[in-house]
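The values are calculated or read from the model by the stated rules, or taken from the named source; none is laboratory data. Computed from a predicted structure; not experimentally measured. Cβ coordinates were reconstructed from backbone atoms using ideal geometry, including for glycine residues, and neighbour counts include every protein chain displayed. All accessible areas refer to the heavy atoms of the entire protein, side chains included, with ligands and DNA or RNA removed. Shrake-Rupley method; radii C 1.70, N 1.55, O 1.52, S 1.80 Å.
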Amino acid sequence: LCLASPLAAKKPAQHGARSYLPDRLTAGSRCRPWQSARGDARHREKNTNLIQPDMYLTIFLSFMALPLSLQARAATRRRRYLARQRLDLALRTIFTGCYPATAVPAAASTSTAQSLKFLVAGAIGGIISRTLVSPLEVVATVNMASEGAVGSVLEELSALWASEGIVGFFKGNGANCLKVAPTKGIQFVTFECLKRFLGCRKWWASSSKELNPFDRLITGGMAGVVAAASAYPLETLKSVLTVERRQYGGSIIVSFVAICKDEGVFALYRGLAPTLIAMMPYVGVEFCVYETIKELLVKHYCATNSLSTIQTMLIGAAAGAVAQTSCHPLDVVRKRLQLQGLPGRPTQYSNMLDALACIARVEGVRGLYKGLAPACLATLPSTGSSYVVYEALKAVLGVASR
């Protein structure tokens, strides 16, 4: 206003002429002299080129903020660069097999990093394998839990499709994957650690790190016991959601809360004893058969030190079938103990031995092998694909079994 007031003209503004002052200063009849809208015509062209005072302040603040803006941009670029460096280091540490040996950091070769890689490889392999065979897993669980006569695998699958649709094929698969991921991961990492430990002890005693089949049987059995004890409540939830899904809801959390409220926390550990007893030979036989056949094929029939995908699949399927057949009666007992005491399923067995005797007496020896056909059909592709994914991820992550 101070800059514009000396240029105010004394001549009244013509009708329709443009005013170069704000409207609030020209509006109304009572205006102060310096607020008059009358301006000289010869000063109007100069008035259009005048710079308002607030523009001086804006220009001054812009020049003052320029160094701060440049500094902030430099800090942002620095943070992005460090984030990219950390991401690249993490990728080279995790996916060691995808990089040349010269680009691998030293942290990737530590025992902790290798154990974590075995854990991740086993967990991912277990999730993929169980999801592939979920329909057969559902049929096997229902057959083992039933006390009457059961139909063939195709009949059970057809009945399940007619009653529940495709959703019925994946009943309890969420709880199953949630159980299988830590179980398989702990199982593989425990097996690899025990193999290293036993190999070092044998080397210290006899200058040889070679493991015989009995060593693999013991280390695999111990790995199975540790893994089964760690994730057993999830195994119980998976069985409940598969057999009694409508009664206990369709989610893991709802069924967990309902079982704890009705039966107590210890109900999640029913059947733990036969599970641990079954896991010792089951996982031990599986690892023993797989590692022994793999070693024989690599030594005598493979030009390279690695097997093909089909060979790995077949060896894993054979190992799973042998293990499932040898330990299936204990698996049937475990399912019965997990589900007894639920509404509509009275308590019949006091312990594992009583369950074995009662099932053999009432249903015959064949009752101990109920669900063996779908269980084996599920085990063959499940175990085979699990080992295929495990071996592939080991190559990607840059770790190798000893």
Flag for Ala223 being small (Gly, Ala, Ser), touching a residue at least 60 places away in the same chain (Cβ under 8 Å) and open to solvent by 30 Å² or more (accessible area, probe 1.4 Å) = no
key: Residue list for the stretch 195-218, filter: open to solvent by 40 Å² or more (accessible area, probe 1.4 Å), among the hydrophobic types (A, V, I, L, M, F, W, C) and closer than 21 Å to Ser111 by Cα   = Phe197, Leu198, Cys200, Trp203, Trp204
message = Between Leu296, Leu268, which is open to solvent by 50 Å² or more (accessible area, probe 1.4 Å) and not polar (S, T, N, Q)?
response = Leu296
ask   = Does the stretch 242-262 contain at least one residue that is closer than 23 Å to Pro135 by Cα, touching an Asp or Glu at 6+ places or on another chain (Cβ under 9 Å), buried (at least 22 other Cβ atoms within 10 Å of the Cβ) and modelled with pLDDT under 80?
value = yes
message = Condition check: assigned to a helix (DSSP H, G or I) and more than 18 Å from Met279 (Cβ to Cβ). Does Leu198 satisfy that?
response = yes
request  = Enumerate the helices (runs of 4 or more DSSP H) found wholly within the stretch 227-320, keeping only those where 2 or more residues are out of contact with any helix residue (DSSP H, G or I) (no Cβ under 9 Å at 6 or more places or on another chain).
outcome  = 252-262, 272-300
key: Residue in the stretch 169-194 that is surrounded by the fewest Cβ atoms within 10 Å (Cβ to Cβ), counting only those that are of a type in the set (Gly, Ala, Ser) and at pLDDT below 80   = Gly174
remark   = Of Ala355, Ala360, the only residue that is modelled with pLDDT of 80 or more and farther than 30 Å from Gly126 by Cα is Ala360
message = Can you tell me which condition Ala400 does not meet? The list is (1) open to solvent by 40 Å² or more (accessible area, probe 1.4 Å); (2) touching a residue at least 12 places away in the same chain (Cβ under 8 Å), and all the others hold.
response = (2)
note = Sole miss for Leu337 among (1) at pLDDT 85 or above; (2) buried (at least 23 other Cβ atoms within 10 Å of the Cβ); (3) more than 28 Å from the chain's Cα centre (by Cα) is condition (1)
